[in-house]
Amino acid sequence: MIISILRSETNTHQNYRLPAGEIPLLSALVYIKETQDATLTFSAGCRASVCGTCAVRVNRREELACSYKVKPGDVIEPLQYHSVLRDLKVDKNKAQETLKKATTWLQKFQEAPLTHEDEKRTEKQTDCILCDSCYSACPVFAVNPDFLGPFALTRAYRYSEDKREGDAKTIIDNVQTNGVWDCTLCGECTAVCPKGIDPKMDITMLRGTSLQHGHQDPSFASQNFGGPDFGGGGFGFDPNGGF
Ligand code: SF4
Ligand code: SF4
Ligand code: FES
C-alpha cells in the first residue's frame, strides 16, 4: 500500500510504499525511516497511547500514530497551530504554556471530604496525556492564537471543581480572557480526544461556574439592552424609565 507524508523541507507530500497488512502508523513510520528515508522525522515514546507524543493528523483528523491502523492512501501531516520543527515533529511549548496561563493547579488547599461522586466528576480530565490533538482540532486558533484552548480549559474545570480547592475563583478569573467565552462549542476537541475526555462539556460547565462567580458572557454584555432605541436596534428597554 502507499501512504503520503507531508515533508517540511519541500512542503510537499511524498509517497511511501508499505507492505500490505494492518499495522500501527507508528510502525509504518519506523519502517519507512529504516528502509526508505532515514531523514523522516517524527516523535514517539511509549507506543501505548500513554505519553501523548506521537499525535499527528491523518486525512485531516488528529490521531495517535501508535494506535491508528494505517490504511492505503492515508495522508499524514503534523498537528495544526504548532511550529513544525521537522516533518511530523512539532514544538508543543506554546500550546502547553496555556496550562500556566489558565493556572491549572490547586491554588489553596483546604480539607474536604470527597465522595465517590466528587471523585468521578473530576477523574476523567486527569486522564489527559497532553497529546495536543484537541488543540490542533480547535478552529478558534485559526482566528485567535491566544485562545487558552481545550485541554487547558478542561484542566481548569477539573481544579475549579475539586472540593479541596479553597480558591476556585482565581482559576475562574484566569479563564475569562481568551478562554471560556471564546469557545464556539463546536465539539471538535471532544471528537478527537483519544482518552474520551469531553472539553466541550467542561467548558460549558466552566461558563456556568463563571456566572456564579459574577462574570458574564462578554458578547452578551456588549449588546445594547440599555436605553430606548427608536431606530430598530436592541429591545428599547430603559431600566430607569418605568412602563
Ligand atoms: S468546543 Fe471549543 S475548545 Fe473545543 S474545539 Fe470547539 S471551539 Fe475549540
Ligand atoms: S484533552 Fe484529550 S485530546 Fe486534548 S490533550 Fe488531553 S488527551 Fe489529548
Ligand atoms: S507513542 Fe506514546 S502515545 Fe503514542
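The values are calculated or read from the model by the stated rules, or taken from the named source; none is laboratory data. Being a predicted model, the structure only gives us computed values, none of them experimental. All Cβ positions, glycine included, derive from the backbone under ideal geometry; neighbour counts span all protein chains shown. Heavy atoms of the whole protein, side chains included, go into the accessibility calculation; ligands, DNA and RNA do not. Shrake-Rupley method; radii C 1.70, N 1.55, O 1.52, S 1.80 Å.
Six or more apart or on different chains, Cβ atoms under 6 Å: show the pairs whose first residue is in region 141-152 and farther than 15 Å from GLN176 by Cβ and touching a residue at least 40 places away in the same chain (Cβ under 8 Å) and whose second is assigned to a loop (DSSP other than H, G, I, E, B) and open to solvent by less than 70 Å² (accessible area, probe 1.4 Å). Here the result reads PHE141/PHE147; PRO150/CYS138; PHE151/CYS128, each pair linking region 141-152 to a residue that is assigned to a loop (DSSP other than H, G, I, E, B) and open to solvent by less than 70 Å² (accessible area, probe 1.4 Å). Within region 95-113, restricting attention to residues that are open to solvent by less than 80 Å² (accessible area, probe 1.4 Å) and in contact with a helix residue (DSSP H, G or I) (Cβ under 7 Å, 6 or more places away or on another chain), the residue that is nearest to ASP132 (Cα to Cα) is ALA95. Comparison of SER8, SER27 shows that the only residue that is under 19 Å from VAL84 (Cβ atoms) and of a type in the set (Ser, Thr, Tyr) is SER8. Where helices (runs of 4 or more DSSP H) fall entirely within region 163-222, those with at least 2 residues that are over 12 Å from the mean Cα position of the chain (by Cα) are at 168-173, 199-212, 218-221.
Given the criteria out of contact with any Gly (no Cβ under 7 Å at 6 or more places or on another chain), modelled with pLDDT of 95 or more and not acidic (Asp, Glu), does LEU99 qualify? Yes; evaluated as a whole, the condition is true for this residue. Of the residues making up region 153-196, those that are under 22 Å from ALA142 (Cβ atoms), within 16 Å of ligand 2 (Cβ to nearest atom) and open to solvent by 50 Å² or more (accessible area, probe 1.4 Å) are LEU185, CYS186, GLU188, ALA191. Could you please let me know if ARG86 is open to solvent by 80 Å² or more (accessible area, probe 1.4 Å), within 16 Å of ligand 2 (Cβ to nearest atom), in contact (Cβ under 8 Å) with a residue 60 or more places away in the chain and basic (Lys, Arg)? No: the conditions fail for ARG86. The one condition from (1) of a type in the set (D, E, K, R); (2) crowded, with 17+ Cβ neighbours inside 10 Å; (3) under 18 Å from ASP173 (Cβ atoms) that LYS92 does not meet is (3).
Evaluating HIS116 against the criteria (1) open to solvent by 30 Å² or more (accessible area, probe 1.4 Å); (2) away from ligand 1 (no atom under 16 Å from the Cβ); (3) over 30 Å from ALA168 (Cα atoms) leaves one unmet condition, (3). Against the numbered list (1) open to solvent by 80 Å² or more (accessible area, probe 1.4 Å); (2) free of Cβ contacts under 8 Å to residues at least 24 places away in the same chain; (3) not in a loop (DSSP other than H, G, I, E, B), THR10 comes up short only at (3).
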